[in-house]
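Data first, discussion second: the structure below is written as structure tokens.
FYI, it's all coordinate maths here, none of it is from the lab. Note that the coordinates shown come from a computational prediction; the quantities given were computed from them, not determined experimentally. Quick reminder, even Gly has a Cβ in these numbers, built from the backbone with ideal geometry, and neighbours come from all protein chains shown.
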Amino acid sequence: MVTEKTKQFNGVKVFSATMAQEREHLGEKVTAWVRHNPQIEVVDTVVTQSSDEAFHCIAITLFYNEPL
């Protein structure tokens, strides 16, 4: 039996960056987007990192509810 309520969402926003300078400012970009969208309620966040020999990528995925 599952007792934890499943988080419901109706929107997803993905922020990603591969260049070092972009990665350094990715959090600021996410914060600015959330501030400019006060009607949303972020219900979950997933941070993903991947890399190969030449590139490093970070992605921040926001799952949110927005009034319809």
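For segment 33-52, state whether one or more residues are touching a helix residue (DSSP H, G or I) at 6+ places or on another chain (Cβ under 8 Å), assigned to a strand (DSSP E or B) and either within 25 Å of Q8 (Cα to Cα) or charged (D, E, K, R) (or both). Full working, then the answer.
Quick first cut of segment 33-52, residues touching a helix residue (DSSP H, G or I) at 6+ places or on another chain (Cβ under 8 Å) only: 40, 42.
Checking which are assigned to a strand (DSSP E or B) leaves us with 42.
So of that shortlist, the ones also either within 25 Å of Q8 (Cα to Cα) or charged (D, E, K, R) (or both) come out as 42.
Yes, the conditions are met somewhere in segment 33-52.
Looking at segment 18-42 only, could you name the residues that are in contact with a strand residue (DSSP E or B) (Cβ under 6 Å, 6 or more places away or on another chain) and either surrounded by 15 or more Cβ atoms within 10 Å (Cβ to Cβ) or of a type in the set (S, T, Y) (or both)?
Of everything in segment 18-42, those that are in contact with a strand residue (DSSP E or B) (Cβ under 6 Å, 6 or more places away or on another chain) and either surrounded by 15 or more Cβ atoms within 10 Å (Cβ to Cβ) or of a type in the set (S, T, Y) (or both) turn out to be T18, R23, L26, V30, I40, V42.
Find the residue count for segment 53-63, including only residues that are assigned to a strand (DSSP E or B) and either of a type outside the set (S, T, Y) or touching a Phe, Trp or Tyr at 6+ places or on another chain (Cβ under 6 Å) (or both).
Narrowing segment 53-63 to residues assigned to a strand (DSSP E or B): 56-63.
Now narrow it down to the ones that are either of a type outside the set (S, T, Y) or touching a Phe, Trp or Tyr at 6+ places or on another chain (Cβ under 6 Å) (or both): 56-60, 62-63.
Going through segment 53-63 one residue at a time, the tally reaches 7.
If you go through segment 36-51, how many residues are of a type in the set (D, E, K, R) and either farther than 22 Å from K7 by Cβ or within 10 Å of the chain's Cα centre (by Cα) (or both)?
1
Looking at (1) in contact (Cβ under 8 Å) with a residue 12 or more places away in the chain; (2) surrounded by 11 or more Cβ atoms within 10 Å (Cβ to Cβ); (3) not aliphatic (A, V, I, L, M), can you tell me which one S50 breaks?
That leaves (1) as the condition not met.
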